[in-house]
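> The structure that follows is given in the form of structure tokens.
The values are calculated or read from the model by the stated rules, or taken from the named source; none is laboratory data. Note that this is a predicted model, so its numbers are computed, not measured. When we count neighbours, we look across all protein chains shown, and the Cβ atoms used for this are built from the backbone with ideal geometry, even at glycine. Surface areas here come from the heavy atoms of the whole protein model, side chains and all, with no ligands, DNA or RNA. Shrake-Rupley method; radii C 1.70, N 1.55, O 1.52, S 1.80 Å.
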Amino acid sequence: MEYDNNINRESFQEQEESSLSFKDIWALCIGHWKWFVLSLAACLLIATAYIIRTVPVYTRHASVLIKQDRKSGTVAGDVSTAFTDMGLGMSQVNVNNEIINFTSPDLMLQVVQNLNLDVDYKVQGLRYKYTIYGSSLPVQVQFLDLARNEGASLTLEHKGGNSVSLYAFAKGKEKLGTSTISAAYGDTVSTPLGRILVTHSQYAEKELDRPLLVTRSSIQGTARSCLSRLSAELNGKNTTVIDLNYKDVNTQRAEDVLQMIINVYNENWIKDKNQITTSTNEFIAERLRIIEEELGSVDESITSYRSTHMLPDNTTAAQMDMQMSAQAGQHILELNNQLSIARFLQSDIRGASPGALLPANVGLDDPYTQSQINQFNTTMLQRNRLVESSSEENLLVRDLDQQLASLRTTILSSLDNYIKSLNIQIQSNQQAQRSSQARVSDIPLQAGRLLSDERQQMVKENLYLYLLQKREENELSQAFTAYNTRVVASPSGSSSPVAPNKKMIYLIALLLGLAIPFMWFYLKEVLNTSVRGRKDLENLSAPFLGELPDSFRKKGLIKKPLRISDKPEDRKIVVKPHSRNVINEAFRVVRTNLEFMEGKDPGSKVLMVTSFNVGSGKTFVSVNLGTSLAIKGKKVIVVDLDLRKRSLSSFADQPKKGVSDYLNSQTDDWQALIVHKEDNIPDILPVGTMPPNPAELLAEQRLAELLDNLRTKYDYIILDCPPIEIVTDADLIAPLADTTIFIIRAGLLERSMLSQVEKYYTTKKYNNMALLLNGTDTSGRYGYKYGYKYGYKYGYHYGKYASDKED
């Protein structure tokens, strides 16, 4: 017996922990289809209201081609490529860096300032406030005293002619009074927000015909907002075309923002490229100033010496030797020229400040050093742009700093080697020159002095002319610097808004409309630990009399079970003669199963009706089962032994005397206590006086004597008993009953208690115990559908017992 109990307990536990099948879930949804329809309607209505009340957002697109290095394919006659030897041509462009540049906060800040996007103008429409801008904006408002990071708002209303009214001033979230200020177009007026200038736009399509809400936001906040609506990406993997997309509630403003972004980018590009030219111009100008001073000093010295010593020109006798000396001197002159340039450049590099560009193309005849300087300047420009868009702590910036340091060291090393080479060549040519001069040693020392001065004069004149030429070339290069972009597609876009996305919103509303009720009922059932229907009782060994559906509940979205009430109008016996509705058929099935279980014993049957829970429907089952037996011609009495609650006694109008008075020996005439009803209705023995000691009364021998007396008069004696476990009354009555009908209320009894029910049956605690399932769901949820389809077969519908007519 203990082994069987353990098996049953395990089977109950497995059944309790089993999950719902797909069929059960489908039945759950079908059973509550009205809630799904209501939820769908509500979600779709909310989605429609959201779409109607949301300001539409539009997208505008523009495409920009980033030009690459053209050194490898120079076109003849192109002036901008004529000076590439100076390092001033177009350098290699990293398209990904340009995308970062397009979306940089500093660039967007310039766009906001140029277009005055920090001031927004809105008017109230039929469904929402919409933005007016450009040609549709008749006025412009300037806040003259507000700081860049301060926000404010006001309402402007046109009063006709040249007059406007300003009111509803607010600074941030703080309202600044309710005063109204009148102003004229073009006048500066004092307001709670400081001085405000209102100007009239001569390009406006029409005058303002409704109040205008003017909102001024901080510059930085507006730039961040605009930047969040901008996107830049490559058009293709192997292209240098950047697609710019911008979202805004106003199409004209979106196009203006994209065009201004392109314009500001081009201006910044030209500014960056001209930095090299500007640095070179400054270097050349400084060298020219110094050489001009030195050249003037040499000229003055030669003139003064000749005038003082009255020296003639070189003699013809020394022409041959002097010619050789002159050739060596010319070579030395060129070498000294290069040496001077190299030393000037070396001095400038060592004294250059961090981040400064190096002079390029100053006439140095060392191609390797010149190419290193050009590479240094290109890398320095790239580093400066990265610092502007990020910080000096950026890993790329650090890497470029290392490259720049290495290039600077390489350039200085190259200059040192070049200066050493020049010195060696100068020494060699000077040696040759001294040999020639030895042959003309008879030339006066004064001629040597003049020759030295004239040589110095020639060097400085040549260097001066050379630098003048390079300055002009540099100016031409700056004048012909071109943009590195070309607009492939001007700002444009569709007239259809991209937000709100109606399809997506309705799809989400549809999913939510289905998911909300589904999750509610699914979780409700998953968390439901009570008995749900016949399926939960399959593992019980006790005989099953039948099930009573709850289809007689009141119809509606929320169903309430029928309960026995003390109100006369609420006392109802649902079993009627000749009725074919579902509840009558259910009681006929219970009656047939009961008779089959009782067999052909001709004696009276004492039926005890009890349950675990209060509200299981014991009184309802007792009176209607008694009625069903009475309709068949049986003599039936229903005894109210629930001395504490007296629910059954309400059917007999709660008489003052009843079974408690008999058990308490207040009367011996038990027949006088019986309330006789009309035909086909069982007799009722009410409680009468509610006793203070019901358990003691039920334990008296008079209860057995009463039942023996009733056996002689009635075929069936139905005892409406209290619930078990709560009080001991049912255990005192149980030995006197022939059959125990144990009521299990669906949705009330916990499934964990079914093992206890099985224990009662196996231990035979109650005589001939049988189960009756009450309150099952007829909607077919989770596979617990009421099995009697009689009503459907014969055209009767569940849940209409009140309207069914007796045959």
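> Provide the per residue accessible area, probe 1.4 Å, for segment 218-277, rounded to a whole number of square angstrom. Spell out each step's value before the answer.
Details: 2610 Å² over 60 residues.
With all protein chains present, segment 218-277 gives 44 Å² per residue.
> In nanometres, what is the gap between the two model label sites at Ile52 and Ser413, each 7 Å from Cα along Cα-to-Cβ?
A separation of 7.8 nm, rounded to one decimal place.
> Using amide H atoms built 1.01 Å from N in the peptide plane, name the residues 5+ places from Arg532, or on other chains, whose amide H lies under 5 Å from its own.
When sequence neighbours closer than 5 places are left aside, the close amide H contacts are Gly747.
> Of all the accessible heavy-atom surface of segment 571-711, with the other protein chains kept in place and a 1.4 Å probe, what percent is carbon and sulfur?
Here carbon and sulfur together make up 45 percent of the probe-accessible area.
> Please work out the Kirkwood hydrodynamic radius for segment 719-770, using every pair of different C-alpha atoms, and report it in angstroms with one decimal place. Write out the running numbers ahead of the final one.
Details: mean 1/r = 0.0855 Å⁻¹.
Evaluated on segment 719-770, it is 11.7 Å.
> With every protein chain kept in place and ligands, DNA and RNA left out, what is the accessible area per residue of segment 656-707? Probe 1.4 Å, answer in Å².
About 51 Å² of surface per residue is accessible.
> A follow-up question, please. Could you compute how much accessible surface Glu393 exposes when probed at 1.4 Å, giving the result in Å² to the nearest 10?
120
> May I pose another question? Across bins of 10 angstrom width beginning at 0, how are the C-alpha pair distances of segment 681-776 distributed, in whole percent?
12, 43, 34, 11, 0
> I've got another one for you. For segment 579-657, which trypsin sites (Lys or Arg not before Pro) pass both filters: DSSP loop (anything but H, G, I, E, B) and at most 12 other C-beta atoms within 10 Å?
Those satisfying the criteria are Lys600, Lys656.
> Please list, in order along segment 117-126, the HN-Hα scalar couplings obtained from phi with the Karplus expression 6.51 cos²θ - 1.76 cosθ + 1.60 (θ = phi - 60°), rounded to whole Hz, x for Gly and Pro.
6, 6, 10, 10, 10, 9, 10, 7, x, 5
> Find how many whole Å separate the alpha carbon centroid of segment 338-353 from the alpha carbon centroid of segment 403-433.
12
> While we're here: Based on the Cβ-Cβ distance from Thr712 to Thr529, what FRET efficiency comes out when R0 is 45 Å, to the nearest 0.05?
0.45
> Starting from the residue with the highest accessible area, list Ile25, Ile637 in decreasing order, probe 1.4 Å.
So the residues, ranked largest to smallest area, are Ile25, Ile637.
> Okay, next question. Near the amide H of Gly493, under 5 Å away, which other amide H atoms are found, from residues 5 or more places off or on another chain, if H is placed in the peptide plane?
Residues meeting the criterion, in which the H sits 1.01 Å from N, are His61.
> In sequence order, what are the phi-derived ³J(HN,Hα) couplings for segment 186-194 according to the Karplus relation 6.51 cos²θ - 1.76 cosθ + 1.60 with θ = phi - 60°, rounded to whole Hz, with x for glycine and proline?
Once θ is set to phi - 60°, the couplings for segment 186-194 become x, 9, 9, 10, 8, 9, x, 9, x Hz.
> How large is ³J(HN,Hα), in whole Hz, for each residue of segment 423-433 in order, when computed from phi with the Karplus curve 6.51 cos²θ - 1.76 cosθ + 1.60 and θ = phi - 60°, using x for Gly and Pro?
In residue order, the calculated couplings are 4, 5, 5, 4, 4, 5, 6, 5, 5, 5, 5 Hz.
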